[in-house]
Amino acid sequence: MIPQSENYTIGIMGAMPEEIAGVLELMTDVTEHNIGMRTYHKGKINNTNVVLVFSRWGKVAASSTVTTLINLFHINQLIFTGVAGAMSDKLNIGDIVIGKRFFQHDMDARPFIQQFEIPMLGVGHFEADAILISDAHEKINGAIENKLIHENEHPTYTAILKNQKAHIGDIASGDQFISNETTRENLIKHFPDLLCVEMEGAAVTQVCYEFNIPFIIIRVISDGANSNAPIDFADFVEHVASVISKKIVKIMIA
Ligand code: SAH
């Protein structure tokens, strides 16, 4: 449900250069703007104004990127796509997570405030808009049913992506690539309902919250946030991530 007025602009952030490259193929009328070591691609997807940018990795990089999208490109809405590590056993590699609640798992200003509470804001998490979530869920489920997302993928992933599912739920972000069982278990203890972990989402959502910009964050599971994660992650990014991100954005801005 994206308003189509002439001035409405959607910011699109991706956490991998491979993903940006895929989405760029969907764009027309593209102009490039180099600001703060990033390249912002301004243009259109169908009739919607978009600005596409690689967030870089981690909370600070992603926050500064979204702030530029808001203040210099005047975006009205943000779509973020990227890969993530699964924290729930319900999830498999290739599954899609639409974020509902976003936690910063490395925020800890005790004893002044509670662990995970965001300083100055008095909140423990940020929440995506319910209508945007259900709209995204409907579109992505429809695409999965029609095999629009997993068709023609790399042979290794054909079987995995055949059973691809979309989930709605909690995402935690921190400046840490989670790739060992002890850290993973510890996070699950703190956040029992967590679906996945990544390095940007809850920072971007904080900036959107502060500027009152609606956002939707969609993550594809690349690894299990365990000792095999570095290998699974690299392989997934190489073979699948760019294609999936492009398809997700196409579905979201149809
Ligand atoms: N390839 C990069 C590193 C990427 S960092 C380099 O060479 O430097 C990992 C990226 O994938 C981040 O954008 C993060 O959001 C996401 N991610 C995927 N799996 C993750 C995991 N297990 N833990 C944390 N972040 C993960």
TODO: Look through the stretch 160-184, keep the residues that are of a type in the set (A, V, I, L, M) and near the ligand (Cβ under 10 Å from one of its atoms), and return whichever of them is surrounded by the fewest Cβ atoms within 10 Å (Cβ to Cβ).
DONE: Ile178
Open item on the list: Consider the stretch 216-236. How many of its residues are part of a helix (DSSP H, G or I) and within 9 Å of the ligand (Cβ to nearest atom)?
Closed with: 6
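Per-residue answers, yes or no, for (1) more than 16 Å from the chain's Cα centre (by Cα); (2) touching a residue at least 24 places away in the same chain (Cβ under 8 Å):
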| residue | (1), (2) |
| --- | --- |
| Thr158 | yes, no |
| Lys162 | yes, no |
| Ile171 | no, yes |
| Phe177 | no, yes |
| Arg184 | yes, yes |
| Asp193 | yes, yes |
| Glu200 | no, yes |
| Ala203 | no, yes |
| Val207 | no, yes |
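Could you please let me know if His125 is away from the ligand (no atom under 16 Å from the Cβ) and either buried (at least 22 other Cβ atoms within 10 Å of the Cβ) or at positive phi (or both)?
On the way: away from the ligand (no atom under 16 Å from the Cβ): yes; either buried (at least 22 other Cβ atoms within 10 Å of the Cβ) or at positive phi (or both): no.
So His125 fails the test.
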- [ ] Pairs only if they're at least six apart or on different chains, beta carbon under 8 angstrom, first in the stretch 88-102 and touching a residue at least 60 places away in the same chain (Cβ under 8 Å) and closer than 14 Å to Phe191 by Cβ, second aromatic (Phe, Trp, Tyr) and in a strand (DSSP E or B); list them, first residue then second.
- [x] Arg101/Phe126; Phe102/Phe126
- [ ] Consider Glu19 carefully, then state whether it is of a type in the set (Asp, Glu), in a strand (DSSP E or B) and in contact with a Lys or Arg (Cβ under 9 Å, 6 or more places away or on another chain).
- [x] no
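Only one residue in Thr67, Thr48, Thr81 is in contact (Cβ under 8 Å) with a residue 24 or more places away in the chain and within 13 Å of the chain's Cα centre (by Cα). Which one? Talk me through it step by step, then tell me what you get.
Numbers: Thr67 fails: within 13 Å of the chain's Cα centre (by Cα); Thr48 fails: within 13 Å of the chain's Cα centre (by Cα).
From the options Thr67, Thr48, Thr81, the qualifying one is Thr81.
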- [ ] Among residues belonging to the stretch 22-51 that are among the aliphatic types (A, V, I, L, M) and within 16 Å of the ligand (Cβ to nearest atom), point out the one that is surrounded by the fewest Cβ atoms within 10 Å (Cβ to Cβ).
- [x] Met37
Task: Criterion (over 23 Å from Gly224 (Cα atoms), surrounded by fewer than 18 Cβ atoms within 10 Å (Cβ to Cβ) and more than 22 Å from the chain's Cα centre (by Cα)) met by exactly one of Ile131, Ile113 - done: Ile113
TODO: All but one of (1) closer than 27 Å to Ala203 by Cα; (2) touching a strand residue (DSSP E or B) at 6+ places or on another chain (Cβ under 7 Å) hold for Ala130, so report the exception by its number.
DONE: (2)
Task: Qualifying positions in the stretch 158-183 - in contact with a Ser or Thr (Cβ under 9 Å, 6 or more places away or on another chain) and assigned to a helix (DSSP H, G or I) - done: Glu181
Task: Total residues in the stretch 24-83, condition part of a loop (DSSP other than H, G, I, E, B), among the charged types (D, E, K, R) and at positive phi - done: 1
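Residues of the stretch 199-213 being farther than 14 Å from Met107 by Cα and within 15 Å of the ligand (Cβ to nearest atom), which ones? If you could, list the steps in order and put the result at the bottom.
Just the residues of the stretch 199-213 that are farther than 14 Å from Met107 by Cα, to begin with: 204-205, 207-213.
Within the stretch 199-213, Val204, Thr205 qualify.
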Task: Boolean, Ser88 is touching a strand residue (DSSP E or B) at 6+ places or on another chain (Cβ under 7 Å), over 21 Å from Val60 (Cβ atoms) and small (Gly, Ala, Ser) - done: yes
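Values quoted throughout were computed directly from the atomic coordinates according to the rules given, and no laboratory measurement underlies them. Since the model is a prediction, treat every value here as computed from it, not as a measurement. In this analysis, Cβ positions are derived from the backbone assuming ideal geometry, glycine residues included, and neighbour counts consider all displayed protein chains.
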